[in-house]
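Asks: Quick one: the structure is below, and I'll ask about it shortly.
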Amino acid sequence: MVKLLANFYEFECNLFRSVNRHFDRKHANFFFRNITHVGGATFTICTLLLLIIFSNHSLKYTAIAAGLSLALSHIPVAIAKKLYPRRRPYLALEAIKVATNPLKDHSFPSGHTTAVFSSVIPFILFMPSLAILLLPVALCVAVSRIYLGLHYPSDVAVGMVLGSSTGILSYMMIVPLFS
């Protein structure tokens, strides 16, 4: 089992480095440094509040489900960060490219990735055609977390699962109440 975990960690570090090594590219830097904020608290909370306030009927209920999902998804994130204090890749690995003033808290799981997936999944369930727009945005946020040197691929993968799961559950709980 120990050898399996060591092999997985080595694979993950190699995958991380294959994404992070492109950090010096001007256009990629601009893109990933900006898209990552779509998964941040300010953007997700403000966007959902605006949709709740200014939309009506099904869209409003979907936004409420997304807001609930966002709130609920961060409970396991906070617990996991306490129970599994994983050091961020730029602190644990050598020669990692990272922006100035990087995050200092624990990396597992990715809160930005969790937030963006928990927010977009209810809208995709509401209107499946939105997946063409929302999934690439969410995936770009997820990749940005690796690209910027802040998360391992498994941090991001767990964030995707947590966010998607709470998005589905919240949508299934909220929307039928108002349909």
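Asks: In the set Pro153, Pro128, Pro136, Pro122, which member is in contact with an Asp or Glu (Cβ under 6 Å, 6 or more places away or on another chain), modelled with pLDDT of 95 or more, on the phi < 0 side of the Ramachandran plot and not polar (S, T, N, Q)?
Replies: Pro153
Asks: Among the residues of segment 55-75, is any surrounded by fewer than 13 Cβ atoms within 10 Å (Cβ to Cβ) and more than 19 Å from the chain's Cα centre (by Cα)?
Replies: Scanning segment 55-75, I find at least one residue that is surrounded by fewer than 13 Cβ atoms within 10 Å (Cβ to Cβ) and more than 19 Å from the chain's Cα centre (by Cα), so the answer is yes.
Asks: When Lys104 is evaluated against the numbered criteria (1) surrounded by 14 or more Cβ atoms within 10 Å (Cβ to Cβ); (2) free of Cβ contacts under 8 Å to residues at least 40 places away in the same chain; (3) of a type in the set (D, E, K, R), which criterion, by number, is the only one it fails?
Replies: (1)
Asks: To continue, here is another question. Note down all Cβ pairs under 9 Å where the first residue falls in segment 10-21 and is within 17 Å of Ser110 (Cβ to Cβ) and surrounded by 14 or more Cβ atoms within 10 Å (Cβ to Cβ), the second is at pLDDT 90 or above and of a type in the set (S, T, N, Q), and they're at least six residues apart or on different chains.
Replies: Sorted first by the residue in segment 10-21, then by its partner, the pairs are Glu12/Ser154.
Asks: While we're here: Under 7 Å between Cβ atoms, at least 6 apart or on separate chains: pull out the pairs that start in segment 67-91 with a residue that is among the small types (Gly, Ala, Ser) and end on any residue that is surrounded by fewer than 19 Cβ atoms within 10 Å (Cβ to Cβ) and in a helix (DSSP H, G or I).
Replies: Gly67/Ile52
Asks: Just to check your reading of the model, which residue among Val137, Val141, Val175, Val156 is among the aliphatic types (A, V, I, L, M), open to solvent by 40 Å² or more (accessible area, probe 1.4 Å), in contact (Cβ under 8 Å) with a residue 24 or more places away in the chain and in a helix (DSSP H, G or I)?
Replies: Only one candidate passes the filter, namely Val137.
Asks: Kindly check whether there is at least one residue in segment 32-46 that is charged (D, E, K, R) and free of Cβ contacts under 8 Å to residues at least 40 places away in the same chain.
Replies: no
Asks: Can you confirm whether Thr36 is in a helix (DSSP H, G or I), under 19 Å from Pro102 (Cβ atoms), touching a helix residue (DSSP H, G or I) at 6+ places or on another chain (Cβ under 7 Å) and of a type in the set (Ser, Thr, Tyr)?
Replies: Yes.
Asks: Looking at segment 32-51 only, could you name the residues that are under 21 Å from Ser164 (Cβ atoms), of a type outside the set (Ser, Thr, Tyr) and open to solvent by less than 50 Å² (accessible area, probe 1.4 Å)?
Replies: Selection gives Ile35, Val38, Gly39, Gly40, Leu48.
Asks: Which count do you get for residues in segment 124-155 that are of a type in the set (A, V, I, L, M, F, W, C), farther than 12 Å from Thr36 by Cα and within 12 Å of the chain's Cα centre (by Cα)?
Replies: The total comes to 1.
The values are calculated or read from the model by the stated rules, or taken from the named source; none is laboratory data. As the structure is a prediction and not an experimental result, all values here were calculated from the model. A quick note on method: Cβ atoms are made from the backbone with ideal geometry, for glycine too, and the neighbour counts reach across all protein chains shown. The protein model used for the area step is the full one, side chains on, heavy atoms only, and it has no ligands, DNA or RNA in it. Shrake-Rupley method; radii C 1.70, N 1.55, O 1.52, S 1.80 Å.
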